[in-house]
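Report on one structure; see the data block that follows.
The values are calculated or read from the model by the stated rules, or taken from the named source; none is laboratory data. This structure is a prediction, so every number in the text was calculated from the model and none was measured. We place every Cβ from the backbone using ideal geometry, glycine too, and count neighbours over all the protein chains shown. The accessibility values were calculated without ligands, DNA or RNA, using every heavy atom of the protein model including side chains. Shrake-Rupley method; radii C 1.70, N 1.55, O 1.52, S 1.80 Å.
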Amino acid sequence: MYFEIEPKGRKEDFFNYDYEYGQVKKALERKEKIIAVVGVRRVGKTSLLNLIYNETSSLKLWLDGRIVTAPKKEVFAAIYETIEAGTPKIFGKIESLNLSAFGVGLGIELGSENRAEIEKKIKASGQVRVFIDEAQRMNCKDLADVLSYFYDRFPNVSFLISGSEVGLVEEILGENDGEHPLYGREISKVTINRLDRNRAMDYLKEGFKQLGLEVSPEELEKAIDELDGLIGWLTLYGYEKGVKKNKDALNKTGQTAARIAASELVHFLKKTRNKKLYLSILRNASGTGWEQLRALAGKDYGKKLNSNLFTYALNKLAIHSFIEKKDRAYNLSDPLLAKAIYLV
């Protein structure tokens, strides 16, 4: 069923992403060491990883990047614990629309064996696939070091990671940084885009058809206007309307989605030194170019913004998938962030 609010685990429930699914499967057949699934929030990255996870027969583990506080220690320990147990492991939760805890740590430690003994066991374990969701939520530099370490030393360990385009590609994979630990390594990148208007309409129509429900084209158009082509929010709307039979489904979806987006924004802002600056940028990112956005954000902030400080904050918001740049203009990556800003 399309309108399940949990990540999709079966191919038949995964709408219209056959190409992206095929690209990941081909990369796995080539035995690529690192496969990165990138895109903004709510486009289906977690569902794609979950689908591949369910289809994987080799030893595997799932890591929720939102709860990893020390990648160098915890990722290594999670892989070793999975190998020691000889069974699949999930650290955190596989979820898309509900939130798991942030930054609580995995709570696992390596045993008393020395590093050489541990490495020997990892190499002798056979194929291991490590799935990392929301990878950019970790310490990016530390995670890059971990990926480089495993890439060079363990041919039997491969990683499938998901995250925002900018955060994953620039911070973790170092695609354009000659001094990055992963620079020059072979990495497969699969991009998931939001649904265009026609595909969003098809998705809603097909989803309601599965439930035996007819919804007027006018209401569907309104839902797409408010929720954009973000399949996560469209799914939540379909669930409210078609499964829960909520008569005010679109309004309810907007409220719920705004609260979820706000909680993510709150978590991000806790790690910044200047909450007001970031909110000023977000409030004015509506199709504006760099110079205009700096001027508008500065007016909102109360003083002219230093270009270096502004660029740093803008890039930080892009890395964490709150803002996206297209045709030299900056926009909120999620229309529901416009409401979320005022809930922070």
Mind checking which residues of region 156-180 are open to solvent by less than 50 Å² (accessible area, probe 1.4 Å) and outside any helix (DSSP H, G or I)?
N156, V157, S158, F159, L160, I161, S162, G163, S164, L173, G174, H180
For region 124-155, the count of residues that are in contact with a Gly (Cβ under 6 Å, 6 or more places away or on another chain), more than 23 Å from Y21 (Cβ to Cβ) and part of a loop (DSSP other than H, G, I, E, B) equals 1
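For the structure I just gave you, tell me whether I224 is within 22 Å of the chain's Cα centre (by Cα) and under 18 Å from E74 (Cα atoms). It would help to see each step written out before you state the result.
Numbers: within 22 Å of the chain's Cα centre (by Cα): yes; under 18 Å from E74 (Cα atoms): no.
Taking the combined requirement at face value, the residue does not satisfy it.
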Flagged in region 258-285 as open to solvent by less than 10 Å² (accessible area, probe 1.4 Å) and touching an Asp or Glu at 6+ places or on another chain (Cβ under 8 Å), in numbering order, are A261, S280
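Here's a check for you: in region 34-55, which residue that is part of a loop (DSSP other than H, G, I, E, B) and within 8 Å of the chain's Cα centre (by Cα) is surrounded by the most Cβ atoms within 10 Å (Cβ to Cβ)?
Among those residues, the one meeting the criterion is R42.
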Only one of (1) modelled with pLDDT of 90 or more; (2) under 18 Å from T69 (Cα atoms); (3) crowded, with 18+ Cβ neighbours inside 10 Å fails for C140. Which number is that?
(1)
Of the residues in region 58-86 that are more than 14 Å from F131 (Cβ to Cβ) and small (G, A, S), the one that is least open to solvent (accessible area, probe 1.4 Å) is A77
Among the strands (runs of 3 or more DSSP E) confined wholly to region 286-343, which include 1 or more residues that are loosely packed, with under 13 Cβ neighbours inside 10 Å and touching a residue at least 40 places away in the same chain (Cβ under 8 Å)?
286-288
